[in-house]
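One structure, pasted below without further comment.
The values are calculated or read from the model by the stated rules, or taken from the named source; none is laboratory data. As the structure is a computational prediction, the values presented were derived from the model and not from experiment. No Cβ is skipped: glycine too gets one built from the backbone with ideal geometry, and neighbour counts run over all protein chains shown.
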Amino acid sequence: MLKTKNVRSILIIAAFCIAGLLLMQLFFLRRSYVLTEARFNDKVNLALISVAEEIYKKNRDSTSSIEAVQQITSEYFAVNINDTVNSAYLENLLNLEFTKYDIDIDYEYVIYDCFMDSLIWRGYVSAVAQHNGDMEDYLFKRDDLPRDMLPGDSHKFGVYFPGKKAYLLSEMQLMILTSCGLLLIISYFIYILYVILKQKRLSEVKNDFINNMTHEFKTPLSTISISSEALLKPNILEKPERIQRYAGIIADESRRLRTHVDKILEIAVLDAEKPKLKFECFDLNESVRTAAEMLQVKVEELKGSTELALQDGSLNIEGDRHHIQNILFNLIENGIKYSEGAPRIVISTRKEGKYALVSIRDSGIGIPKKAIRHIFEKFYRVSTGNVHNVKGFGLGLHYVYKMVRAHNGKINVKSIQGKGSTFNVYIPLQK
């Protein structure tokens, strides 16, 4: 079995490895996006320069000059051509050049009058429309139009790509799929670590349970064996008082063994099927008093005290009287067992919304913070070595949790190590 220290070291190393892989993947994804965007920008620049050159060639008699393409934002490019341009002619040139440079993306284009500083034309072209029709023939026909039929004289045009980011991500599809695959592998690795830790904890709980069960069964069996051997001695018939005493010991230890077996079988039945409860209306305060009286002798033996602070009058609930009694008995008994020195138990009840709340506070050793979320698990006991000072199988609180849930109630615990614990049980009030 892996030691706790070794497991912790493995987890730390695994966490660093996973974090390193994720950071590297994020770096490469970011780098890939930057490079893909740079390639896209370069292709757009080349395409727009070609468009400007075509417009310059068309207007041979002009004194136009081509300036560099300006990237105003990540998605918007502007070209100052210092010449006149027709919107349909510009659109077809853009479609041709974008197709030539494999820029398959929706775009908007605008035409500005630099002298008036005003927008003359605005158009939108989808990626599908770029491939419709014979552009060369269409451009030739537009080329034959008279100059006075070319509307929109201007000196500047711009192109805007509203879906640029989505387009770039689609270009990185293989890289993204690879990253997702790696993420799945990392997730599976984390899941494996989780399963290993869970199995380790279950193994520890199982070993702890076996050790305690062995001790709990060994003591009464040894006592029964010794008493039986004494009864088998030839001269025992001459001492009837000893026969009675040994027989009484055997009977007591047999009952003790049967109680242990019944507890284990009861939990097995509860886990295997939904518990069958006999619901009735009764006073919770009465059940609290009964449970406290049943354990009063044990409290007095330890020179402790039990204090009751119950709701005035009746506190009627709907539930199985037998199991509610067992819930209270288990919680009060735990408060007694886990108290060092004289136990001091305070039990209070009150109405809280639609629930009857019973709080059981002890002045015991408390529960470590990391153990609180596990205490209602089957066979779980706070680790104190191979054999616990307080005897038991770790079944009491599991039974309490199952029964409270079966009553549609709630349970929580607040604990300070070294100062004690408070268990709060909420059971629905009588409707």
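Would you check if there is a residue in the range 389-408 being among the charged types (D, E, K, R), at pLDDT below 85 and assigned to a loop (DSSP other than H, G, I, E, B)?
Yes, that holds for at least one residue.
Go through 189, 161 for me and flag whichever is out of contact with any helix residue (DSSP H, G or I) (no Cβ under 6 Å at 6 or more places or on another chain) and modelled with pLDDT of 85 or more.
161
Still on this structure, please answer the following. Tell me, please, whether a residue that is buried (at least 18 other Cβ atoms within 10 Å of the Cβ), more than 22 Å from residue 410 (Cα to Cα) and either of a type in the set (Phe, Trp, Tyr) or assigned by TED's automatic domain parsing to the domain that holds residue 287 (or both) can be found in the range 343-359.
yes
Does any residue of the range 195-203 turn out to be closer than 30 Å to residue 24 by Cβ, modelled with pLDDT of 80 or more and of a type in the set (A, V, I, L, M)?
Within the range 195-203, one or more residues are closer than 30 Å to residue 24 by Cβ, modelled with pLDDT of 80 or more and of a type in the set (A, V, I, L, M).
Checking residue 307 against (1) surrounded by 15 or more Cβ atoms within 10 Å (Cβ to Cβ); (2) at pLDDT 90 or above, which test does it fail?
It fails just one condition, (1).
For residue 284, state whether it is farther than 18 Å from residue 403 by Cβ and touching a strand residue (DSSP E or B) at 6+ places or on another chain (Cβ under 6 Å).
Taking the combined requirement at face value, the residue does not satisfy it.
Tell me which helices (runs of 4 or more DSSP H) are completely within the range 220-301 and hold 1 or more residues being of a type outside the set (Asp, Glu) and modelled with pLDDT under 75, or say none if there are none.
Hits in the range 220-301: 240-272.
Let me ask something else. Quick check on residue 330: is it touching a strand residue (DSSP E or B) at 6+ places or on another chain (Cβ under 8 Å), of a type in the set (S, T, N, Q) and at pLDDT 85 or above?
Here the answer is no, as residue 330 does not meet what is asked.
Do you know which residues across the range 5-48 are closer than 30 Å to residue 68 by Cβ and without any contact (Cβ under 8 Å) to a residue 24 or more places away in the chain?
Matches in the range 5-48: 30, 31, 34, 35, 38, 39, 42.
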